[in-house]
1. Among DSSP beta bridges whose residues both lie in the chain, state the antiparallel percentage, nearest 5.
2. Hey, fewest Cβ within 10 Å first, where do 284, 33 land in order?
3. Given the DSSP H assignment, sum -39500 (n - 2.57) over each helix run of at least 4 residues in the chain and divide by its residue total; what's the result at 222 nm in deg cm²/dmol, nearest 500?
4. Given contacts defined as C-alpha pairs under 8 Å and at least six residues apart, what's the relative contact order of the chain, whole-number percent?
5. With 10 angstrom as the radius, rank 266, 111 by how many other C-beta atoms surround their C-beta, starting from the fewest.
6. Provide the three semi-axes, in whole Å and in decreasing order, of the ellipsoid equivalent to region 26-328 as defined by the square roots of 5 times the Cα gyration tensor eigenvalues.
7. Listing 293, 95 from the residue with the fewest other Cβ atoms within 10 Å to the one with the most, what is the order?
Ligand code: PBG
């Protein structure tokens, strides 16, 4: 009998040596919670395609923020779900100083100044057609007019006290244009989280239900601005441009199907690199768990740990509160 020269199992034998050789540790401070926001008071509406996720009015949002603070979650990403009466061709509600996002930001900052706030910057919740930008007569999303709108939106959020503006629209040149406008207006501390490698993914379906853009988008798609799912060299070019234009952190989205992209981005640039575990990923895990097919806690913590292993510095996830609680038990 030949003995193995090296026994990999020796270090795996006991919990103490497994702990000593563990390369990555998931912490509540790695997580960013995601919240959907509605106008009004005392409103809490379930999102049918995302069981366990609600759209909440500002009072409910404050409760959610309190939970983040208690659990050690450093930041909350805000997505508005405006009434259809607030939608228009030009998306003007997006930069209304008294708009929902701006009021929510002021309320959150007044109560929990230590909680970081990340504001989505894209027009889709506010347009009657559900596209992330302004369209021409052929339905094509126009780049420069959209960037002008995104600048106004970013300034309104910065003025309300948003810590990070997060353009999720994939227009060309928007990071540089927003940075310049923020600097000129004196918002030198407002950070930019660039959705740099954002794919034209089918995993966003439940999110579009949650913010109420899916019906408006109809059979439309976002292939003329979001990236082709088959590409990853292109992701590196996108990230490189956003860094050159002044992004403070970059993001890969969706998450689990794009771990290869995450690893390449982190290796190539060493930037603060965030990943978004999107609505469809949440829905898949939740559906399997509800059917008793997967152990929810185990698979969720496994996916979040996989993001860290692949190079993520922070993870946006609808599971942030659950995961932080599980990590504390
Ligand atoms: C749109 C936006 C989307 C998401 C975040 N911002 C959807 C889209 O591009 O259609 C998706 C997030 C998720 O699926 O959880 N600006």
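No value in this document is a laboratory result; all are computed from the given coordinates. Source: prediction; values computed, not measured. Here the Cβ is made from the backbone with ideal geometry for all residues, glycine too, and neighbour counts use every protein chain on show.
1. Counting DSSP beta bridges with both partners in the chain, the antiparallel share is about 10 percent.
2. Least to most surrounded, the residues fall as 284, 33.
3. -12000 deg cm²/dmol
4. It rounds to 19 percent for the chain.
5. Numbers: 266 20, 111 12.
In order of increasing Cβ crowding within 10 Å: 111, 266.
6. One finds semi-axes of 26, 23, 20 Å for region 26-328.
7. 293, 95
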